[in-house]
Amino acid sequence: MKKLIITIAHTGNVPTKEMNAYTPLTPEEIATDIDECASLGASIAHIHARDQEGKPTSDRDVFASILHNLSARGTNVIRQLSTGARGGENTIAYRGQMLDLGLDVKMASLATGSSNFPGSINANSPELIEALALKMKENGIKPEIEAFDLAMISNAVYLEKKGILKGPLHFNLVMNVPGSISGTPRNLLYMVESLPPGATWTLTAVGKCHVQLISIAIALGGHVRTGLEDVIYYDDNKQLASNPMLVKRAAEIASAIGRPIASPEEAMKILSL
Ligand code: MG
């Protein structure tokens with residue numbers, strides 16, 4: 001079977017230490033966690049940043065600090081920055097402020113449509129999507145297209161035709177966020193079958209469907225994301241998860257069915273970086 005890329009989504013915007021004490025919040029904690037996850041098989045880090053109060057931020061200095069901390073540890077992972085709608089102020093300038101940092105950033109997330117989060121809008125206007133996509137292009141960054149429903153796949157194909165996005169496209173199928181497409185095997189297959197030819201894909205499965213859907217994605221030949229951004233519990237008994245525990249389990253599922261894990265260098269080839 002072809003190699004599996006595991007992405008670690010270590011912090012996200014929602015978890016707090018109160019919800020799960022393993023949540024890494026400071027640049028040092030985040031880099032330490034990513035480093036351990038990399039040693040267990042993660043080849044991409046989907047990086048979110050928090051301010052000094054632990055609130056989500058897109059502040060370029062905080063992102064730079066995380067990246068410098070990774071370099072100091074010699075951590076070899078593909079650096080993927082979040083440009084999500086919950087990272088503070090929802091403007092193009094604010095959400096895209098870290099895209100020209102350099103510092104070996106190779107990827108960034110890009111939602112190609114709008115949807116709902118619990119209690120807020122995942123607001124991504126056409127102007128914002130195009131501006132972020134163009135800034136990524138100017139800085140040699142490959143977007144990971146976050147598709148919270150089918151329409152966002154269609155819109156990404158449209159943006160490729162317009163020349164805003166460049167193929168081969170890479171998708172993150174984000175499932176089971178309350179307010180977006182629910183996390184069922186049927187919906188996963190529907191999303192996968194709706195991808196354009198030549199696209200690569202990873203699965204993000206939030207909450208209770210996490211283990212079931214990442215297992216299916218691994219068996220289907222897709223790639224997977226795991227981490228406290230997606231699940232704070234390890235199992236139905238509400239045992240708290242840590243990022244290394246989650247990466248280790250994803251690698252074990254792959255190992256059980258004979259699917260080898262991609263190194264960062266191999267992941268770069270698979271994703272045409
Ligand atoms: Mg994210």
Prolate/oblate/rounded label for the range 218-273 (Cα gyration tensor, a/c 1.5): prolate
Approximate spin-label separation SER39-LYS3, in nm, with each point projected 7 Å along Cα-to-Cβ: 2.1 nm
Student exercise, the range 99-237 dipole from Lys, Arg, Asp, Glu Cβ charges, in Debye to nearest 20: 320 debye
Per-residue ³J(HN,Hα) for the range 190-205, Karplus 6.51 cos²θ - 1.76 cosθ + 1.60, θ = phi - 60°, Hz, x for Gly and Pro: 4, 5, 4, 6, 9, 6, x, x, x, 6, 9, 8, 10, 10, 10, 10
Set of lysines with alpha-carbon distance to LYS208 below 24 Å, sequence-local pairs under 8 removed: LYS17, LYS238, LYS248
Residue with peak Gaussian network fluctuation, the chain [Cα springs, cutoff 10 Å], from PRO185, PRO197, PRO24: PRO197
For ILE47, distant residues with modelled amide H under 5 Å away: GLN80, LEU81, SER82
5 Å binning of all Cα-Cα separations within the range 144-273, expressed as whole percents from 0 upward: 2, 10, 20, 22, 20, 15, 7, 3, 1, 0
Residues listed by number, the range 71-114, amide nitrogen under 20 Å from LEU134 label point at 7 Å toward C-beta: 83-84, 90-102, 108-114
Most to least packed among 232-245, 81-94 [average Cβ atoms within 10 Å]: 81-94, 232-245
In nm, spacing of pseudo-spin labels at ASP100 and LYS208 (7 Å Cα→C-beta vector): 4.7 nm
Per residue, the convex hull volume that the Cα atoms of the chain enclose (Å³): 112 Å³
Packing-based exposure ordering (other Cβ within 10 Å, fewest first) of GLU36, GLU229: GLU36, GLU229
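Bear in mind that the values in this text are calculations on the coordinates, not laboratory data. Since this is a predicted model, take the numbers as computed values, not measurements. In this analysis, Cβ positions are derived from the backbone assuming ideal geometry, glycine residues included, and neighbour counts consider all displayed protein chains.
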